[in-house]
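Data block below; observations after.
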Amino acid sequence: MKIKDIIGNENFCPAPWIHAVVTPRGSVRPCNDFSMYVDRITSTQNFHDTYNSSVIKDVRTSIINDKVHPGCASCREKEKRVGYCKRNSLLNGIKYWGIEETELDIESPTKNVIWLDIRLSNACNLKCRHCYPVLSSAWKGDAGKLREMEIGEYIKDVVEYKLNEKYELSRDIVVDVSKGVGQLRRLEFKGGEPLIRQDLIEDFIRNMNYDLKEIQIDIISNGTVKMKDSLMELLNECKLLKMDFSVEAGEKMFNYIRGISLEDLKETIFGISRNVAPSRIGFRITQMVYNIFEYPNAHRWIKGLNLKEQLSGIFIHNYVVHPKFLNVLNLPLDIRLEAQQVLSDFIVDNECDETVYKLKNTLGKPQIKENVDLLKSYTKNLDEVRGVSLLDVEPRIGRYIYDQ
Ligand SMILES: C[S@@+](CC[C@H](N)C(=O)[O-])C[C@H]1O[C@@H](n2cnc3c(N)ncnc32)[C@H](O)[C@@H]1O
Ligand code: SF4
């Protein structure tokens, strides 16, 4: 059976045959939303074996029988809720990539993987407010302090993590995956901060047996680590480098969220825009409670970089849902309506992405109150740990958090 034979089935998803996500602990998933335990690459179980673990084989069987596997249920719910999931992007790409003839075997070769999302490590130099230790090694100290400050609920909510565990793919695993994939069309590097492990990115690319000219490479970065000449030279050979930087706010709030200045990003951004010819540069805004007033400020700073046709877009890419108390809907409606007005005024004079209209709509929804106490204690305690106050940075939100 081939893709073209069942592409019209209601529950068809090509992910377990042509897509893979490899996490810093070596877990191999068909897609990032897959919610069941999967095997990890180890010294005895390689990429091919983990991509053919019993759970992934079960997923393939379900799809061939036009059923939704339990591990895929959350992805399908997300698809209904937000109208988008990885399944859609993959289905849309099948004709473009010309892979209708791909065989849908229960045991499937990793050579058929054409889109790989590889998260090399959780090494990071920042500890952004909405992030946590599983994604950032730099969070460890502050997470320990929060734990001592009796934010037990927060710890329960965010973890799963073990503070002393290091999440990082070994060079051997990186090379095994790199040699195992076929002619990739898309290759994504995420973190942690992926540019901290440029050595592993280079190891991956140099060990691939396939044509770099066919591959779009996506990197999401915090922009604080300069890209090395050797990596830029390599990336000049790829079809396209899609470089996304995370910028959630204007200077003051950006500093509150990320602990750095927007100025710290410029060297990395301009280094790439000037030296990697096939590059497009985008900006991701992660939407959370703190930056509801900030879209216009982020937008102005990004436009001021004057990247012209190299700018691929300014997207609200994510709403923080985990930790759930940082989701925008935890704020009272009156504060959000004020932010909605700021956004409406900005939209009148500026061309904005459709995600901004979605934010405008979201800001008008009823408040979710269950997690407000946690939001307040988390924010105040982290302010204390970091020696800052939201009252000084954004009083409109600060007054609510500090009950003033
Ligand atoms: C985990 S970071 C890794 C790449 C890089 N370190 C960066 O900050 O861009 C990838 C994206 O996830 C976002 N992110 C971090 N924590 C998040 C959370 N709790 N919920 C949603 N998005 C989050 C970041 O803002 C960033 O845009
Ligand atoms: S830079 Fe990225 S990975 Fe690091 S703490 Fe911030 S969001 Fe998390």
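No value in this document is a laboratory result; all are computed from the given coordinates. The model shown is predicted, which means the values in this text are computed figures rather than measured ones. Ideal geometry is used to build each Cβ from the backbone, glycine not excepted, and the neighbour counts take in all protein chains shown.
Structural remarks
- Between the stretch 6-77 and the stretch 232-309, the Cα center-to-center distance that results, in Å: 32
- Under the criterion of Cα pairs below 8 Å and six or more residues apart, the relative contact order for the chain equals 12 percent.
- Projecting the alpha carbon convex hull of the chain along each direction and taking the average yields 19.6 nm².
- The stretch 14-74 shape via C-alpha gyration tensor axes, a/c threshold 1.5: prolate
- The long axis of helix 171-180 is offset from the longest Cα principal axis of the chain by roughly 50 degrees.
- Rounded to whole Hz, the Karplus (6.51, -1.76, 1.60) HN-Hα couplings of the stretch 39-49, x for glycine and proline: 6, 10, 6, 9, 5, 9, 10, 8, 4, 4, 5
- In order through the stretch 19-24: 3J(HN,Hα) via Karplus (6.51 cos²θ - 1.76 cosθ + 1.60), integer Hz, x for Gly, Pro: 10, 8, 10, 10, 9, x
- Here the 3J(HN,Hα) profile of the stretch 267-279, calculated from phi with Karplus coefficients 6.51, -1.76 and 1.60 at θ = phi - 60°, is 4, 5, 4, 5, x, 6, 5, 8, 10, 10, 4, x, 10 Hz, Gly and Pro shown as x.
- Crossing angle, helix 54-64 versus the chain [Cα axis fit, 0-90 degrees, rounded to tens]: 80
- Cα gyration tensor shape for the stretch 60-123, rounded if a/c is under 1.5, else prolate or oblate: rounded
- Amide hydrogen neighbours beyond the local backbone of residue 319, cut-off 5 Å, H modeled: 287
- Calculated SAXS-style log₁₀ I(q)/I(0) at q = 0.28 Å⁻¹ - the stretch 87-134, Debye, Cα scatterers: -1.20
- For the stretch 274-404, the C-alpha radius of gyration sits at 1.16 times the compact-globule guess of 2.2 N^0.38 Å, with N the residue count.
- In this structure, the pairs whose alpha-carbon distance is over 22 Å, taken from 140/266; 80/365; 145/376, are 140/266.
- Linear extension gain, residue 171 paired with residue 318, 0.36 nm per residue minus alpha-carbon span: 49.9 nm
- Quarter of the Cα convex hull surface for the stretch 196-331, i.e. its orientation-mean projected area (nm²): 8.8
- Footprinting exposure proxy for 247, 276, 321 (fewest neighbouring C-beta atoms within 10 Å first): 321, 276, 247
- Residues whose placed amide H lies under 5 Å from that of residue 279, excluding near-sequence neighbours: 241
- Ellipticity at 222 nm from helices only: DSSP H runs of n ≥ 4 in the chain, each -39500 (n - 2.57), divided by the residue count, give -12000 deg cm²/dmol.
- Proxy reagent accessibility, fewest Cβ within 10 Å first, across 7, 335: 7, 335
- Amide H within-cut-off set for residue 313, under 5 Å, with H built and near neighbours excluded: 283
- The ranking of 66, 199, 142 from fewest to most other beta carbons within 10 Å of each one's beta carbon is 66, 199, 142.
- Relative contact order (%) - criterion: Cα under 8 Å, at least six apart; region: the stretch 17-81: 28
- Pairs of alpha carbons in the stretch 267-324 whose separation is greater than 19 Å (percent): 38
- Unit charges at the beta carbon, dipole of the chain: most positive-side option, 65, 240, 272: 65
- Taking the DSSP bridge list for the chain and keeping only pairs wholly inside it, about 15 percent are antiparallel.
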